[in-house]
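We did not get these values from a lab; they are worked out from the coordinates using the rules stated. Since this is a predicted model, take the numbers as computed values, not measurements. Note: ideal-geometry Cβ built from the backbone for every residue, glycine included; neighbour counts use all protein chains shown.
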Amino acid sequence: MSTKPTPTSATASLVQALAALDNVKANKVNPAFKGSRYISLDALLEAVKPVLLDHDLALIQTLVSQEGKVGVSTAFLHSSGERFEFGTLLVKAEGLTAQQIGGAITYIRRQSIQTACGISVDLDDDGATASFKSQVAATATNFNLPPRPLTK
């Protein structure tokens, strides 16, 4: 006999699934950003989809294109037919090659899944820290000022 409580609604299934999901480990290194680590989309899906399935939920991600932007809408669909929308994330596509758009969509998919599932990746900033330091250094160079820490 199972000790796992049976959810009485789609919302209860969603709550139990989100509670059952664990943070994931980074499995890739991005050499373009000083070795920042991230999780690949396939590894993230392998970690999330079985838990969702155990709770009668499916992950749905739909490509979106509007006003020069591309992105992804993320939702969970319960076996009852109830759908839980988690929003749309878009980036500007202007000036990007097809390969860059593909990379942006993969990045958006990963971030959207992590956000919808309420999970994090160990040490994953996918280059945000390196990019930010580069932007700060460029700004300081433009004004001939040394970079300063943002905290006291």
With Thr11 itself left out, Lys, Arg at +1 and Asp, Glu at -1 over residues whose Cβ is under 15 Å from its Cβ give -2
Per the rule of 0.36 nm per residue minus the C-alpha distance, extending Ala12 to Gln99 adds in nm 27.3 nm
Treating only Lys and Arg (+1) and Asp and Glu (-1) as charged, each at its beta carbon, one finds that the range 10-124 has a dipole about its Cα centre, in Debye to the nearest 20, of 420
One would report the Cα pair-distance distribution of the range 10-124, bin width 5 Å, in %, as 2, 12, 20, 21, 19, 14, 8, 4, 1, 0
